[in-house]
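What follows is a single structure, written as structure tokens, with notes after it.
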Amino acid sequence: MRKRITKAIFPVAGLGTRFLPATKSIPKEILTLVDRPLIQYAIDEARAAGIKEFIFVTSRGKSALEDYFDSAPELEKALRRRKKRDLLEILKQTDMDSGAIAYVRQKEPLGLGHAVWCARRLIGEEPFAVVLPDDVIASDRPCLGEMIEAHAGIGGCMLATMLVDREKVPNYGILDVAEEKGALVRARGIVEKPSIEAAPSRHAVIGRYILTPSVLRSLGRIRRGAGGEVQLTDAIQQEIARGQPVHGFRFEGQRYDCGSKAGYLQATVAFALSRPELRDEFAGFLHEILAMPHAAE
Ligand code: UTP
């Protein structure tokens with residue numbers, strides 16, 4: 001029996017430059033879809049997958065994230081005084097057991113691979129998950145839970161993947177595919193942000209990973225790759241080169257790239273339309289506004 005995966009790393013130390021100036025003082029992960037910050041969606045998905053230890057890799061200026069998962073005695077007292085039981089219930093989403101979240105610092109934004117490596121001392125000798133909160137996945141069956149289930153049967157590394165249009169491959173880590181079997185795609189290689197011509201497939205890696213401790217050891221050794229950053233992709237390629245199994249997992253559901261403005265706006269519309277209390281009014285508004293030439297001027 002493989003040991004159950006109970007630890008997840010949430011790398012949240014990036015600069016979030018695509019959302020400047022907002023991200024000058026607000027962490028990207030605190031941006032909201034309707035009324036819940038991106039990090040809440042990521043934590044909920046991880047909790048549903050059985051994760052018990054949540055490791056945040058943070059940086060300067062991310063204290064709003066720590067506060068979000070802390071208790072708020074004055075607010076709770078005021079809500080209790082006003083008998084706002086429904087709001088107190090909503091606040092429970094942010095309630096984390098003492099000690100369930102650990103924060104480690106990435107001193108400089110040297111890339112996703114480096115951020116994951118920063119958590120190495122909290123991982124030990126067991127496979128672990130990595131969740132990028134800016135990839136939000138709407139699905140009946142939470143993506144990470146499905147991956148952990150599939151991983152129990154095969155081990156190694158597993159990366160959430162989706163097919164992207166040819167012109168989008170330069171934005172992603174792309175798998176070189178050895179074999180496809182149901183939801184699983186066995187990789188014989190992986191390349192970070194290839195050109196359209198050089199891309200070995202259209203199977204793109206998105207922000208859910210199950211990794212083995214040997215990836216952390218590789219991350220400690222590898223040099224900076226594409227963009228001057230320590231690339232997680234390069235460490236995963238080393239696993240493949242060492243003959244370790246690496247699979248893509250073709251998840252079900254709709255993924256929104258909330259690290260980009262277009263993806264974030266699409267997610268906002270989709271999540272607003274999924275709320276029964278907002279749907280009709282919001283759909284009517286969208287219909288009207290599409291007919292207006294300059295809606296916000
Ligand atoms: P992104 O590539 O989206 O970078 O990182 P970013 O800095 O967040 O945003 P832009 O591109 O400047 O707008 C993907 C994930 O990796 C984390 C980010 O926080 C995000 O969750 N990351 C990235 C780190 O934790 N540290 C890094 O050095 C780089």
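Does anyone have the angle between helix 232-241 and the longest principal axis of the chain? Alpha-carbon axes, 0 to 90°, nearest 10?
Taking the Cα atoms of the chain, the angle to 232-241 is about 30 degrees.
Average projected area of the Cα convex hull of the stretch 201-246, in nm²?
Averaged projected area of the stretch 201-246's Cα convex hull equals 3.8 nm².
Counting just the Cα atoms, what span does the stretch 1-74 cover along each of its three principal axes? Round to the nearest Å and put the largest first.
49, 32, 23
For the chain, with all protein chains present and a 1.4 Å probe, just round the carbon and sulfur fraction of the accessible area to a whole percent.
51
Which value, in debye to the nearest 20, describes the size of the charge dipole of the stretch 115-155 about its Cα centre when Lys and Arg Cβ atoms bear +1, Asp and Glu Cβ atoms bear -1, and nothing else is charged? Mind showing how you got there, number by number?
Numbers: 3 positive and 7 negative charges, 42 e Å.
Approximately 200 debye in magnitude.
If you count only protein heavy atoms with a 1.4 Å probe, what accessible area per residue comes out for the stretch 81-201, rounded to a whole Å²?
So the stretch 81-201 comes to 54 Å² accessible per residue, rounded to a whole number.
Where does the chain land on Rg(C-alpha)/(2.2 N^0.38 Å)? Please report the intermediate quantities before stating the final value.
On the way: Rg = 19.9 Å, N = 297, 2.2 N^0.38 = 19.1 Å.
Rg over 2.2 N^0.38 Å, computed on Cα atoms: 1.04.
Taking loop as defined by DSSP and a crowding limit of 16 other beta carbons within 10 Å, which GluC sites (Glu not before Pro) in the stretch 62-152 fit?
Glu125
Limiting things to C-alpha atoms, what are the Rg and the maximum Cα-Cα separation (Dmax) for the stretch 148-204, in angstroms?
Reported Rg and Dmax, both Å: 11.7, 35.
Under 4 °C and 1.567 mPa s, how fast does the stretch 244-297 diffuse according to Stokes-Einstein, given a Kirkwood radius computed over C-alpha pairs? Answer in µm²/s, whole number.
Details: Rh = 13.7 Å.
Result for D is 94 µm²/s.
In vacuum, with every alpha carbon of the stretch 175-295 counted as one equal point scatterer, what does the Debye formula give for log10 I(q)/I(0) at q = 0.17 Å⁻¹? Two decimals, please.
Per q value, in the given order, log10 I(q)/I(0) is -0.94.
Could you give the angle, 0 to 90 degrees to the nearest 10, between helix 261-273's Cα long axis and the longest principal axis of the Cα atoms of the chain?
Approximately 50 degrees, to the nearest 10.
What whole-number distance in Å separates the alpha-carbon centres of the stretch 73-152 and the stretch 157-197?
26
Cα extents of the stretch 11-120 along the three principal axes, largest first, in whole Å?
Ordered largest first, the stretch 11-120 gives principal extents of 47, 34, 22 Å.
Please list, short to long, the whole-number percent of alpha-carbon pairs of the stretch 125-226 in consecutive 5 angstrom bins beginning at zero.
All Cα pairs considered, the percentages come to 2, 11, 20, 23, 23, 14, 5, 1.
Distance cut-off 23 Å, Cα to Cα: go down the list Lys3/Lys52; Lys24/Lys107; Lys168/Lys261; Lys52/Lys92; Lys7/Lys168; Lys3/Lys28 and report the pairs above it.
Exceeds cut-off: Lys7/Lys168; Lys3/Lys28.
Set the Förster distance to 25 Å, then compute FRET efficiency between Asp97 and Leu15 from the Cβ-Cβ distance, nearest 0.05.
0.25
Based on alpha-carbon centroids, what's the gap between the stretch 249-297 and the stretch 55-72 in Å, whole number please?
The two parts, judged by their Cα centres, are 27 Å apart.
The values are calculated or read from the model by the stated rules, or taken from the named source; none is laboratory data. Here the structure is a predicted model, which means the values were calculated and not measured. Neighbour counts are summed over all protein chains in view; Cβ atoms, including those assigned to glycine, are modelled from backbone coordinates with ideal geometry. When the accessible area is computed, the model is the full protein with side chains, heavy atoms only, and any ligands, DNA or RNA have been set aside. Shrake-Rupley method; radii C 1.70, N 1.55, O 1.52, S 1.80 Å.
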